Amino acid sequence: MKAESFEKIVDHALADRQLQVALDRGTTRGVNARLLAMSETTDAQALRHQARLARERALNQLPELLEQLERNIIANGGHVLWARDAAELNQHVLTICRQHNVRRVVKGKSMVTEETALNHALEQEGIDVVESDLGEYIIQLAGETPSHIVFPMLHKTKEATAQLLHDKLGMPLTDQPEAMTRFVRGVMRQKYLQADLGISGVNFAIAETGTIATVENEGNNRLSISAPPVHVAVMGLEKVIATWEDYAVLVQLLARSATGQRMTVYNNLISGPRRPDEPDGPEAFYLIILDNGRSRILASEYAESLACIRCGACLNACPVYQNIGGHAYGWVYPGPIGSIITPLLRGPLTAPKLPYASSLCGACQAACPVEINIPDMLLKLRRDLVQAGDPSLGWRLGMKGWAVAFKSPMLYRLGGRIAGWLTRVLARGKGHLRWLPPPFNGWTAHRDFPAFGTPSFRERYLRRFKGQPHDSKKP
Amino acid sequence: MSAREDILTGLRAALAHSKPFPGAEPAAFQAVTRIDPGEDLVARFIAEVQRVKGEVHTAANDDEALDITKDLLTSHHVRRVVMWDEAHLPLRGVWALLERLGIERVYGDNASVAAAEAGITGADWALAATGTLVLSSGPGRPRMASLLPPLHIALLTEDRIIPRLEDYVAAQRAARFGVFRRSSNVTLITGSSRTSDIEMHPVFGVHGPLALHVVLIKNLD
Amino acid sequence: MQLAAYQRLPPVGEYNLYRRRMLPLPGMAKRVAYFVTCIADTVFPEIGEAAFEVLARAGVTPEFPLGQTCCGQPAFNAGFTDEARQVAEHFVEVFAGYEAIVTPSGSCASMVKHYYPALFRGHPRQADALHIAARTYELTEYLVDVLGVRDLGVALPRPTRAAIHDACHGYRGLGIARQPRLLLSHVRNLTLVEMVGHDQCCGFGGLFAIKMSAISGAMLRDKLAAIQDADCDLVITGDASCMMHINGGLSRAGSPKRVVHIAQVLAGALK
Ligand code: SF4
């Protein structure tokens, strides 16, 4: 995580009017689009389960499927490279660039390359990299990082976007997204045609034919992987799936969950480089398969997180994300799923706040097209943090004390009485308190706290059934 | 050990004792998109293409289709076209039409293709439920024709319309997926290029074609 | 604000992984225990009383095991699994052997149902814990699905428009949405209106409200705004903790609107 504390970053985000407007507009549209699109399927619940099973089957046989994928890609004339970690992936790309005398690279959207900071590695070698996705391009111009898996510039209003394009590229100011888009189209055209190499991510890799599938709307991905003479695709090793039937359900749920579309505009299915008899397309095709901690996750009780298809639905649905945006999560993957995979990929103590940045409301799980039980994993990560000794001594003692009190009916009653009396005194007859001492001042920072009612239910019950308690078990 | 061996060994070790998801058996497959029983697939296809801001022009016969194509080209002031070979189009006479109109047919590298104002292609299949065109690359079928020019004209006969993506997959399985060995690129196109990157507000016409026109030709009975 | 049709209907079950068919178990009516929850015992005893009253109205006078304290959720949600288990062990001790355990909280019910099985895996009392997990019911779920109650014959003192806040753990955890609406639809003088974001978290989340106070406060503000915009005099919810949280915000904001627990409405306890 960055040096600035999570709480500070959150405070900035909450106070950022521009960000709040952008988040509100963006996530509301995203949630509504998904709900509508999922409600128009044959059976949303059954399909989510079907999609989930497709992912589970793939994860159960990962090594076999990866080998099958590799065999088929090689048979189609492509190359397959393996990378244990981020550095190794970047090194592979640099080596390919050297082999093909590459100076200019154009990139389609890829979260994995964000994970490995590939752009930085390329730029250090003097290679020019341009993001071709509209959002990613604007983010790159601004020198920022994506704040959403699917909508990288969700944190920006259209007004801020126009200003940026005006300042950096001299676009005439406008508040029309249409005009801004047309402007960027013009700028990007030449870049595609001049690029020596195109890089793309992978949404699904279909093992049985050695095909990689990307989904997109803009055409930038298709251009990036079709126009330059070399295409490099990078994928996390969990992206492989077994069959085309699995692809059919997953790709459609991905579109409906991510953007509310029935199909994204372009689904590109790439099976190796241009065939000798084909008029266009890249002459060389490389697939790089990245581990970077994923095989470790597969062995853990968090294997489920590898089922994620990066649709971003859980981000839009999350009331925490809706309020703090993606940058507060501190790394490449924001939102509920980010709170899980960031600590898993980078180590639990690198992001100790993230598992706690959730009210466990379950909106993420309900939105997830592959039924990932995010709240459950957040709870397990919290448990891991406790076992690693992360919470402060104060919290640890507090919890110990709480357990001692709450497993003893007598102490529980006594504590309840004291707390009740205290709250009533402090409330001074007003029924509620406006201030509580630390650590409970977090509560009263934003809401009043009630004075406890009296007498307790238990006393009322005993009064009512005096002499004939229904209870068969005396305390 | 190579990265490959390392990774595969790690994965095998992770799965050695138990599969993470026991009981993930192949499920009965259910298609995603609703189609009502007895629904007219042609009408559905047209409606779906329109939904995603494409246009469909229906032609009763080849002559009508050529007229429509001519109107599209002239109304868009097209001077240069990149197109599939006529053998791969469901319509004869397109080349002759271009000659008559004085439109140049461009080939070759990306730079020359990029000058074209229109691309003319056929399609392997069309998916009714989602308004999707399936195009495969191959000899005489450049990828760029459906990608670089601002106007994409797809010529299609009604008999190419099948219900859904799931049906396409089933047909390819029956054909042992030969298309993915022959074609380096199969593209499913649903509408004209768009983005929702700015505040999730949909804008049509980004890096791909700004407009998609499907000329849908009736089959001779 | 008009809601589109797909927003208006709570997608119960459709989106609920946890959903389980709940059938009345043989001999169910024999011994029913009432778990009042720590918050409805000490902070809001009137809710504890109201829920007890509702069960009595429905023809069930449950037993109230006097040794009960808490389900262990506060520690469990904070990651303190051992501490949570200690309290849960006590819960199992107290509630073992009942045919049904009914509680006026979707959150506590879902804690017991969903997390006890894992918490007690390999534990000497595993069998009891599983038994309890399978027989714990949220109040409205028990009334509607087990007892078949529809109309409790209650009325509000004056015509009232009320919106429902679907508390997260009951709604998404247990799939509870139909049951409270059904019961409330039979309450005289009550008109139900749907609220934008009726299923959106209020930001409570237990210790989350304290540890992540700023985020929780922002979520609460969203909820208060939705309540403000809703065409209602009253908000009804099924969890006392959410009620406490939202009311704390309404009172801080000086709003005249209030949230009440559904048991208070169904017991005819509102003045
Ligand atoms: S966890 Fe689920 S909802 Fe979130 S991005 Fe992944 S697939 Fe989508």
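The table below gives the values:
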read-out: Criterion violated by residue A:423 - all others in (1) away from the ligand (no atom under 16 Å from the Cβ); (2) outside any helix (DSSP H, G or I) satisfied; value: (2)
read-out: Residue that is nearest to the ligand (Cβ to nearest atom) [pool: residues in segment A:158-175 that are open to solvent by less than 10 Å² (accessible area, probe 1.4 Å) and touching an Asp or Glu at 6+ places or on another chain (Cβ under 9 Å)]; value: A:161
read-out: Hey, residue A:305 outside the structural domain of residue A:118 (by TED's automatic domain parsing), near the ligand (Cβ under 9 Å from one of its atoms) and not aromatic (Phe, Trp, Tyr) or not; value: yes
read-out: Residue within segment A:357-367 that is closer than 23 Å to residue A:59 by Cβ, of a type in the set (Ser, Thr, Tyr) and either in a loop (DSSP other than H, G, I, E, B) or within 13 Å of the ligand (Cβ to nearest atom) (or both) present; value: no
read-out: Condition met for residue A:144 (modelled with pLDDT of 95 or more and either surrounded by fewer than 23 Cβ atoms within 10 Å (Cβ to Cβ) or not assigned by TED's automatic domain parsing to the domain that holds residue A:159 (or both)); value: no
read-out: Single match in B:44, B:92, B:79, B:51 (criterion: open to solvent by less than 80 Å² (accessible area, probe 1.4 Å) and among the basic types (Lys, Arg)); value: B:44
read-out: Leading residue by the ranking (nearest to the ligand (Cβ to nearest atom)) among those in segment A:377-394 that are in contact (Cβ under 8 Å) with a residue 24 or more places away in the chain and open to solvent by 30 Å² or more (accessible area, probe 1.4 Å); value: A:380
read-out: Segment A:197-222, subset part of a loop (DSSP other than H, G, I, E, B) and among the acidic types (Asp, Glu), residue nearest to the chain's Cα centre (by Cα); value: A:218
read-out: Matching residues, segment A:317-336, being touching a residue at least 60 places away in the same chain (Cβ under 8 Å), within 15 Å of the ligand (Cβ to nearest atom) and within 25 Å of residue C:199 (Cα to Cα); value: A:317, A:321, A:322, A:326, A:334, A:335
read-out: Residue in segment B:184-203 that is more than 9 Å from chain A (Cβ to nearest Cβ), out of contact with any Gly (no Cβ under 6 Å at 6 or more places or on another chain) and touching a residue at least 12 places away in the same chain (Cβ under 8 Å) present; value: no
read-out: Filtered residues of segment C:61-80 (kept if in contact with a Leu (Cβ under 9 Å, 6 or more places away or on another chain) and open to solvent by 20 Å² or more (accessible area, probe 1.4 Å)); value: C:61, C:74, C:76, C:77
read-out: The listed residue being under 12 Å from residue B:118 (Cα atoms) and not hydrophobic (A, V, I, L, M, F, W, C), out of B:57, B:76; value: B:76
read-out: Matching option when the condition is within 14 Å of chain B (Cβ to nearest Cβ) and exposed (fewer than 15 other Cβ atoms within 10 Å of the Cβ), among A:27, A:42; value: A:42
read-out: Which numbered condition residue B:47 misses (of (1) more than 23 Å from residue B:185 (Cβ to Cβ); (2) more than 14 Å from every other protein chain (Cβ to nearest Cβ); (3) of a type in the set (A, V, I, L, M, F, W, C)); value: (2)
read-out: Residue within segment A:309-316 that is surrounded by fewer than 24 Cβ atoms within 10 Å (Cβ to Cβ), charged (D, E, K, R) and more than 10 Å from the ligand (Cβ to nearest atom) present; value: no
read-out: Residue C:204 vs. criteria over 23 Å from residue C:139 (Cβ atoms), within 14 Å of chain A (Cβ to nearest Cβ), buried (at least 22 other Cβ atoms within 10 Å of the Cβ) and of a type in the set (Phe, Trp, Tyr); value: no
read-out: Unique residue being aliphatic (A, V, I, L, M) and more than 22 Å from residue C:190 (Cα to Cα) when the list is C:162, C:100; value: C:100
read-out: Scope segment B:9-62; condition of a type in the set (Phe, Trp, Tyr) and under 21 Å from the mean Cα position of the chain (by Cα); matching residues; value: B:45
read-out: Residue ranges of strands (runs of 3 or more DSSP E) in segment A:54-141 with at least 3 members open to solvent by 10 Å² or more (accessible area, probe 1.4 Å); value: A:79-83
read-out: Residue A:349 outside the structural domain of residue A:458 (by TED's automatic domain parsing), more than 10 Å from the ligand (Cβ to nearest atom) and surrounded by fewer than 24 Cβ atoms within 10 Å (Cβ to Cβ); value: yes
read-out: Selected residue (only one of C:158, C:135, C:125 is in contact (Cβ under 8 Å) with a residue 24 or more places away in the chain, within 30 Å of residue A:400 (Cα to Cα) and more than 14 Å from every other protein chain (Cβ to nearest Cβ)); value: C:135
read-out: Where residue A:296 falls short, out of the listed (1) surrounded by 24 or more Cβ atoms within 10 Å (Cβ to Cβ); (2) assigned to a helix (DSSP H, G or I); value: (1)
read-out: Residue in segment A:409-430 that is most open to solvent (accessible area, probe 1.4 Å), counting only those that are facing chain C (nearest Cβ under 8 Å) and free of Cβ contacts under 8 Å to residues at least 60 places away in the same chain; value: A:419
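Residues are listed down the side, and each one gets a yes or a no for (1) crowded, with 23+ Cβ neighbours inside 10 Å; (2) more than 7 Å from chain B (Cβ to nearest Cβ); (3) within 16 Å of the ligand (Cβ to nearest atom):
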position	(1), (2), (3)
A:268	yes, no, no
A:280	yes, no, no
A:283	no, yes, no
A:288	yes, yes, no
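The values are calculated or read from the model by the stated rules, or taken from the named source; none is laboratory data. None of these values were measured; they are calculated from a predicted model. Reconstructed Cβ throughout: ideal geometry from the backbone, glycine too, with neighbour counts over all protein chains shown. Side chains are part of the model used for accessible areas, which takes the heavy atoms of the whole protein and leaves out ligands, DNA and RNA. Shrake-Rupley method; radii C 1.70, N 1.55, O 1.52, S 1.80 Å.
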